[in-house]
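Only the coordinates and a few stated rules stand behind these numbers; no lab work does. These numbers were taken from a predicted model, which means no experiment stands behind them. Because the Cβ atoms are built from the backbone with ideal geometry, glycine has one as well, and the counts that use them run over all protein chains shown.
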Amino acid sequence: MSTASIQAAPIQLVRPAAAASASRSDAPRWQVEQIEALFALPFTELLYQAQTVHRANFDPAEVQLSTLLSIKTGGCAENCSYCPQSAAYDTGVEATALMKVDDVLAAARQAQAAGATRFCMGAAWRGPKDRDIEKVAQLISAVKGLGLETCATLGMLGDGHAEALRDAGLDYYNHNIDTAPDKYADIVQTRQFEDRIDTLQRVRGAGVKVCCGGIVGMGESRTQRAALIAELANMEPYPESVPINHLVPVAGTPLAEQAPLDPFEFVRTIAAARITMPRTRVRLSAGRQALGDAVQALCFVAGANSIFYGDKLLVTGNPDVTADQALLETLGMRAA
Ligand code: SAM
Ligand code: DTB
Ligand code: SF4
């Protein structure tokens, strides 16, 4: 056999249809069908394309480390089917009051000492009240004072909230769209997809960077996974951080018995995020414990370059810091 016969055909990198869209209501830059076509590529070719886009924009050995802290846990008025913190489900999570500045600072210092560069404070609220914003603003200023990047995820924001958080030193606001628009009502009934978009617009409008992603493995179709990615990629501009969560099934929630997604489909979702949002931080988020090291390594090849780092997410588990340090060492990767 001649060597020519085993050479790969030149690969055409997939490009969005038109890059001219100025807002979410214009013609989308990425059609859902185009993203489905990415998912349908041979696995090796998809990863090649994703890694090519990744290398054009990032050092492929670098991973950004974000640590989460639940600053106000449980008792939430929303009924998100995946969430252990919803008051609608009996999950054994006890509701707590908002944490005090000194306790938050102690956790942030610990995260920083372990190598995290971003500290994300999560509150199980449908949305904060004005007086909650004042208190969270103090937490943000204190954490920012340590030299960490700050992120908060507090639910739906009202008038002036994003501006007050920005003025306190907030770098990122996390607010996920979570699933495809046509799957949303199956997953949450206490709010609408458009409510999420409204808060995201408030965050952008205040000049705070957007962290927005979703959850896969909730029984959605591949088309719906592609639609989730299309919604994110067609935001103008697309989010600076895109957390991709794999559902952590929690006893007591409606999704407790949901079968896990095929891990290769999870990797494909990461690759589609990377190709369609070349400069975003694609974060491997909830569900890393179940993925295992080999699948996580494939996700890094597919363009993931951020993780939630710390022994706990908000209320569920996450790989130990020492296990993550060992994994990065094994893979020859380093903190960004
Ligand atoms: N209450 C705020 C909100 O919903 O925006 C902030 C906290 S909420 C816990 C943040 C995100 O965590 C959700 O949008 C969802 O993507 C993720 N999440 C919650 N429970 C999860 C689970 N069991 N598995 C995977 N991701 C989950
Ligand atoms: C995100 O996308 N995932 C994080 C963070 N943003 C706030 C939360 C994951 C939560 C997993 C379930 C829990 O521990 O509550
Ligand atoms: Fe509340 Fe957020 Fe959990 Fe939904 S995901 S129940 S809004 S804490």
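The table below lists the values:
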| read-out | value |
| --- | --- |
| Filtered residues of the stretch 108-132 (kept if of a type outside the set (Phe, Trp, Tyr) and crowded, with 20+ Cβ neighbours inside 10 Å) | Ala108, Ala111, Ala116, Arg118, Cys120, Met121, Gly122, Ala123, Ala124, Pro128 |
| Test: residue in the stretch 110-127 that is within 15 Å of ligand 2 (Cβ to nearest atom) and of a type in the set (Val, Ile, Thr) | no |
| Count of residues meeting criterion [in contact with a Pro (Cβ under 7 Å, 6 or more places away or on another chain), within 16 Å of ligand 3 (Cβ to nearest atom) and among the aliphatic types (A, V, I, L, M)] in the stretch 228-259 | 3 |
| Pairs where the first residue, in the stretch 252-263, is over 19 Å from Pro84 (Cβ atoms) and the second is part of a helix (DSSP H, G or I), C-beta under 6 Å, 6+ apart | Pro263/Val295 |
| Selected residue (criterion: surrounded by the fewest Cβ atoms within 10 Å (Cβ to Cβ)) from residues of the stretch 65-107 that are in contact (Cβ under 8 Å) with a residue 12 or more places away in the chain, assigned to a helix (DSSP H, G or I) and out of contact with any strand residue (DSSP E or B) (no Cβ under 7 Å at 6 or more places or on another chain) | Val101 |
| Residues being within 18 Å of Val143 (Cβ to Cβ) and of a type outside the set (Lys, Arg) - total across the stretch 87-129 | 24 |
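Let's see how each residue does on (1) more than 13 Å from ligand 2 (Cβ to nearest atom); (2) touching a Phe, Trp or Tyr at 6+ places or on another chain (Cβ under 7 Å); (3) more than 16 Å from Gly214 (Cα to Cα):
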site	(1), (2), (3)
Pro243	no, no, no
Leu247	no, yes, no
Pro260	yes, no, no
Val267	yes, no, no
Ala286	no, no, no
Gly292	yes, no, yes
Val315	no, no, yes
Ala326	yes, no, yes
